[in-house]
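**Student:** Got a structure here, written out as structure tokens. Questions coming.
No value in this document is a laboratory result; all are computed from the given coordinates. Everything quoted here is computed from the prediction, not taken from an experiment. Backbone-built Cβ (ideal geometry, glycine too); neighbour counts: all protein chains shown.
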Amino acid sequence: MGEIILVRHGQANSAATDEESYDRLSDLGHQQAKWLGDYLRDREGRFDKIISGSLRRHKETAAGLGYQDPHIDARLNEMDYFNLGQALMDVHGVPFPGPDEFASHVPQVMEAWHKAEIMGVESFASFEDRVTSVLQEAASPGVRVLCVTSGGVIGMIIRHLLNLDPTRMAHVLLPIMNSSLHRVRVIPQGPILASFNAVPHLDRDDRLHAQTHY
């Protein structure tokens, strides 16, 4: 049986208002990655391949895990949510949300993007195609792959595995925590979701403050 473990990057610059300034780990994000790296070394077997998106926060997370030279694959990069949010405001007049307003904003973005009412640097279909192509290549019997990526990519993979509509995909995206683990098992019938949003490296009283979403 093969296995793919998807890791969301550690906490980034959550106060940012654009992609460039968002794309770096906070001090806590670096610590989350280090704790996760310790956990993986203690509790997981060897991985046959380590893949990271090309964004700075992905590479910093991979380095924090202890993988200084992962295979870089830009298909694991996040959707451009800042541009999508701007497009939603331009087309439908919906303002970009504050930290406590994403629960209603993300489903609106996913629905409008899926319907091609808005677009950032790529269409919803293009994003889906590139993400699922990584999944299909990584899903090999008997091979264990670790992928360092972003919440939107993880949400899209789960949409593909569970056949979710855009709103339900948005509801999967919202609770994904920084440095969380998501397991996909590869069985003869294809890849299946085995676990979602696990943070065993943060599941202790002195690390509860590190269980972050943004």
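**Student:** What is the angle, in °, between the Cα long axis of helix 56-65 and the longest principal axis of the Cα atoms in the chain? Nearest 10 is fine, range 0 to 90.
**Tutor:** The answer is roughly 20 degrees.
**Student:** Pairing the Cα long axis of helix 27-43 with the longest principal axis of the chain, what angle in degrees results, from 0 to 90 and rounded to the nearest 10?
**Tutor:** 40
**Student:** Classify the stretch 33-126 from the C-alpha gyration tensor, please: rounded if a/c falls under 1.5, else prolate or oblate depending on whether a/b exceeds b/c.
**Tutor:** prolate
**Student:** If you look at just the Cα atoms of the stretch 114-214, how large are its Rg and its Dmax in Å?
**Tutor:** Rg, Dmax (Cα atoms, Å): 14.9, 45.
**Student:** Further, regarding this structure: Could you pull out every one of the lysines with an alpha carbon less than 17 Å from that of Lys49, ignoring same-chain neighbours closer than 8 positions?
**Tutor:** Lys59
**Student:** Treating only the Cβ atoms of Lys and Arg (+1) and Asp and Glu (-1) as charged, compute the dipole magnitude of the chain about its Cα centre; round to the nearest 20 debye.
**Tutor:** It comes to approximately 760 debye.
**Student:** While we're here: Can you bin the stretch 1-45 into rounded, prolate or oblate? Criterion: square roots of the alpha carbon gyration tensor eigenvalues sorted a ≥ b ≥ c, rounded for a/c under 1.5, prolate for a/b above b/c, oblate for the rest.
**Tutor:** It is oblate, given that a/c is not under 1.5 and a/b is not larger than b/c.
**Student:** State the extension gain, in nm to one decimal, for the chain segment bounded by Ala15 and Ser123, taking 0.36 nm per residue of separation less the distance between their alpha-carbons. Kindly include the intermediate steps, with their values, before the conclusion.
**Tutor:** Numbers: separation 108, 0.36 × 108 = 38.88 nm, distance 2.62 nm.
The span from Ala15 to Ser123 would gain 36.3 nm if fully extended.
**Student:** Send over the per residue convex hull volume for the stretch 50-94, Cα only, as a whole number of Å³.
**Tutor:** Once divided by residue count, the hull of the stretch 50-94 is 68 Å³.
**Student:** Most mobile of Glu111, Glu78, Glu44 per a Gaussian network model of the chain (Cα springs, under 10 Å)?
**Tutor:** Ranking Glu111, Glu78, Glu44 by mean-square fluctuation puts Glu44 first.
**Student:** Identify which of the listed values of Rg/Rh (Cα atoms, Kirkwood Rh) was calculated from the structure shown: (i) 0.93; (ii) 0.95; (iii) 1.00.
**Tutor:** Here Rg/Rh (Cα atoms, Kirkwood Rh) agrees with entry (ii).
**Student:** What is the angle, in °, between the Cα long axis of helix 124-138 and the longest principal axis of the Cα atoms in the chain? Nearest 10 is fine, range 0 to 90.
**Tutor:** Relative to the chain, helix 124-138 is tipped by roughly 10 degrees.
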